[in-house]
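The structure under discussion appears below in the form of structure tokens.
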Amino acid sequence: MGKPNQKVITRGVQALGLPPVVMNLFFRKAESFLPKHEFLVFEPQGNQVVIGDGDGKQLDTMQMTLPEKVWVKTDDYGDRLVITALLPREY
């Protein structure tokens with residue numbers, strides 16, 4: 001995109017105890033789908049995570065386990081992007 005971005009992790013996502021490498025992967029995935037998809041759902045399904053657009057369309061999968069669903073949303077503030085990882089119950 002070219003804009004600087006800020007990455008935010010909510011307390012709920014922090015409490016999941018995911019390794020930093022996993023969080024970085026989520027943020028990189030979010031950046032890779034911009035600008036078409038500003039909202040992603042990381043849905044655990046057994047030993048994989050299905051990445052969707054929130055409207056039922058599957059965009060990708062990752063081989064990993066995830067304790068619960070994580071949303072990653074991107075907000076454009078004009079001069080920068082803010083990419084937030086949150087749990088659905090935190091919305």
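No value in this document is a laboratory result; all are computed from the given coordinates. Everything quoted here is computed from the prediction, not taken from an experiment.
Phi-derived couplings, Karplus 6.51 cos²θ - 1.76 cosθ + 1.60 at θ = phi - 60°, listed residue by residue for the range 37-46: 10, 8, 9, 10, 10, 9, 9, x, 9, x Hz, with x used for Gly and Pro. The length gained on full extension between residue 60 and residue 6, counted as 0.36 nm times the residue separation minus their Cα-Cα distance, comes to 17.1 nm. Rounding to the nearest 10 and keeping the result within 0 to 90°, find how far the Cα-based axis of helix 20-32 lies from the longest principal axis of the chain. Approximately 50 degrees, to the nearest ten. In the chain, Rg over Rh equals 0.94, where Rg is the alpha-carbon radius of gyration and Rh the Kirkwood radius from pairwise Cα distances.
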